[in-house]
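Q: Handing you this structure, nothing more for now.
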Amino acid sequence: MKISVIGTGYVGLVTGTCLAETGNEVLCVDIDENKVKRMQKGKVPIYEPHLDILFERNIKANRLNFTTSLKEGLDHGDIIFLALPTPEDEDGSADLKYVLGVSEDIGKLIESYKVIVDKSTVPVGTADKVIEVISKNAKVDFDVVSNPEFLREGFAVDDFLKPERIVIGSSSERATELMMKLYKPFVRSGNPIIIMDEKSAELTKYAANAFLATKITFMNEIANFCEIVGADVDKVRAGMGTDSRIGKRFLFPGIGYGGSCFPKDVKALHKSGKDSNYDFGILNAVIKANDFQKKILIPRIKAFFNNDLKGKTFAIWGLAFKPETDDIREAPALYIINELLEQGAIIKVFDPEAMPNVKKEFGDRIEYTLNKDDATIGADALIICTEWSMFRTPNFEKLKSNLKHSVIFDGRNLYDLEEIKNEGFYYSSIGRKTVEL
């Protein structure tokens, strides 16, 4: 099949590459001329495990191509995916200016029947708006389908190639048949393609992300309470997770959720509720609790150093909002860095992928090191913000000799309490007893 993908951000690039992998002819469209030139040369503009292999293979096979011409993209594809940004607006809503702007251009340019697919995460009712905008200028038939993505950063290629489910919101039999044909190779193991109306499909994505964000936030609240009453969140988590009604996933406490989806989607769903005169009380609590959680280590750090952080040096391991990505959007590390800088602290950081993105935010106000050990040399304490695998088994003797004080503030609970006690560290984690020196 001939497919066009408008937008080559995280979702668009993974979508286009994976669709090409199953034999489709895919043309990706982006307005960034330099980015398109780099991709044409085989350079992947984002970090996502395994994407580079598929990217290179399909470019060489001439199944994956790139252009800056929307007209070329529309002429090429029978199915047109819109994978455009929907950034958070000032009021928390999803800004649809890119989606609706391209939709207006589509109406002016299409010359034959097309299926226009909303792949971006969009509020309920967006498909109707896209239909309305395209219809103002279109002289041919078209259909609009909602097909939300459920890609986890760090696992996006596997998630696309082996989806747990595919959701298609469509009121058109013709469009549904084309979408079923496109996705048939991805569900050979029997995972479902769920057909529903467009509004239900749009809401499904928001509901799923908001529920997971709520689950994370609830566990963080339990962890904070554990510290007050002397319970151990790891034991509580194990006891909860073995209940099949709850499940083991998304029960790990930490310093809050971040990334491109959860923060934005929770706020957008909350705002959609307000727009419909409905108060999502639980989402309001989730947003408030997560904002608090991102900075929960700061009072502990200040207390340890007698509320005087000026001139103190802190090593930070992990900058991305989660491991296996370079995405720093809403990453807790950024909030911690800002707070420490305001207190006059000196910051040395290491992350295997995210440092170039962080440098765009902070410039030379912090120091970027070549490896995790260099970050700790001469630091007063280590702060762990992202659970990259390389941080799980450090050389504790080397770490102790590098640090001025044997102090770790761990926002991801990487280490066993008994082990860290035996290694001779002061260790403050989330929802567990503090190990004193």
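The values are calculated or read from the model by the stated rules, or taken from the named source; none is laboratory data. In this text the structure is predicted, and so the values were computed from the model without any measurement. Note: ideal-geometry Cβ built from the backbone for every residue, glycine included; neighbour counts use all protein chains shown. Keep in mind that these areas ignore ligands, DNA and RNA; they rest on the heavy atoms of the full protein, side chains included. Shrake-Rupley method; radii C 1.70, N 1.55, O 1.52, S 1.80 Å.
Q: Among (1) closer than 22 Å to LEU370 by Cβ; (2) more than 26 Å from the chain's Cα centre (by Cα), where does ALA320 come up short?
A: Every listed condition holds for ALA320 apart from (2).
Q: Let me ask something additional. Sort out which residues of the range 84-108 are of a type in the set (Asp, Glu) and assigned to a helix (DSSP H, G or I), and write them in order of number.
A: First pass over the range 84-108, keeping only residues of a type in the set (Asp, Glu): 88-91, 95, 104-105.
Result: GLU104, ASP105.
Q: Right, here's the next one. Here are some residues: GLY12, GLY16, GLY42. Which one is open to solvent by less than 40 Å² (accessible area, probe 1.4 Å) and either more than 22 Å from ARG329 (Cβ to Cβ) or in a strand (DSSP E or B) (or both)?
A: Details: GLY12 fails: either more than 22 Å from ARG329 (Cβ to Cβ) or in a strand (DSSP E or B) (or both); GLY16 fails: either more than 22 Å from ARG329 (Cβ to Cβ) or in a strand (DSSP E or B) (or both).
So the residue among GLY12, GLY16, GLY42 that is open to solvent by less than 40 Å² (accessible area, probe 1.4 Å) and either more than 22 Å from ARG329 (Cβ to Cβ) or in a strand (DSSP E or B) (or both) is GLY42.
Q: Determine, yes or no, whether SER120 is at pLDDT below 95, hydroxyl-bearing (Ser, Thr, Tyr), surrounded by fewer than 22 Cβ atoms within 10 Å (Cβ to Cβ) and touching a helix residue (DSSP H, G or I) at 6+ places or on another chain (Cβ under 7 Å). Explain how you work it out, then say what you get.
A: Details: at pLDDT below 95: yes; hydroxyl-bearing (Ser, Thr, Tyr): yes; surrounded by fewer than 22 Cβ atoms within 10 Å (Cβ to Cβ): no; touching a helix residue (DSSP H, G or I) at 6+ places or on another chain (Cβ under 7 Å): yes.
No, not satisfied.
Condition check ((1) open to solvent by less than 30 Å² (accessible area, probe 1.4 Å); (2) outside any loop (DSSP other than H, G, I, E, B); (3) within 22 Å of VAL122 (Cα to Cα)) across all residues:
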{"position": "ASN191", "(1), (2), (3)": "no, no, no"}
{"position": "PHE211", "(1), (2), (3)": "no, yes, yes"}
{"position": "GLU221", "(1), (2), (3)": "no, yes, no"}
{"position": "ARG245", "(1), (2), (3)": "no, no, no"}
{"position": "ARG249", "(1), (2), (3)": "no, no, no"}
{"position": "LYS264", "(1), (2), (3)": "no, yes, yes"}
{"position": "LYS274", "(1), (2), (3)": "no, yes, yes"}
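Q: Another question about this same structure. Considering only the range 396-412, I want to know if a residue exists there that is in a loop (DSSP other than H, G, I, E, B) and in contact with a Ser or Thr (Cβ under 6 Å, 6 or more places away or on another chain). Walk me through it before giving the result.
A: If we filter the range 396-412 for residues that are in a loop (DSSP other than H, G, I, E, B), which is where we start, we get 403-406, 411-412.
Checking the rest, the ones that are also in contact with a Ser or Thr (Cβ under 6 Å, 6 or more places away or on another chain) come to 403.
Among the residues of the range 396-412, at least one is in a loop (DSSP other than H, G, I, E, B) and in contact with a Ser or Thr (Cβ under 6 Å, 6 or more places away or on another chain), which makes the answer yes.
Q: Something else about it: Name the residues in the range 36-47 that are under 21 Å from the mean Cα position of the chain (by Cα) and not hydrophobic (A, V, I, L, M, F, W, C), would you?
A: PRO45, TYR47
Q: Could you please find all residues in the range 116-163 being over 20 Å from ILE80 (Cβ atoms) and outside any loop (DSSP other than H, G, I, E, B)?
A: If the condition is that a residue be over 20 Å from ILE80 (Cβ atoms) and outside any loop (DSSP other than H, G, I, E, B), then ALA156, VAL157, ASP158, ASP159, LEU161 are the ones that fit.
Q: Hey, can you tell me all the residues within the range 348-368 that are aliphatic (A, V, I, L, M) and farther than 20 Å from GLY378 by Cβ?
A: First, the residues of the range 348-368 that are aliphatic (A, V, I, L, M): 349, 354-355, 358, 366.
Passing the criteria: ALA354, VAL358.
Q: In addition: Quick one: LYS310 ticks every box in (1) within 22 Å of VAL11 (Cβ to Cβ); (2) among the basic types (Lys, Arg); (3) assigned to a loop (DSSP other than H, G, I, E, B) except a single one, so which number is it?
A: Evaluating LYS310 over (1) within 22 Å of VAL11 (Cβ to Cβ); (2) among the basic types (Lys, Arg); (3) assigned to a loop (DSSP other than H, G, I, E, B) leaves (1) as the failure.
Q: Right, another one. Within the range 363-382, which residues are under 20 Å from TYR335 (Cα atoms), of a type in the set (A, V, I, L, M, F, W, C) and either surrounded by fewer than 18 Cβ atoms within 10 Å (Cβ to Cβ) or in contact (Cβ under 8 Å) with a residue 60 or more places away in the chain (or both)?
A: ALA375, ALA379, ALA381, LEU382
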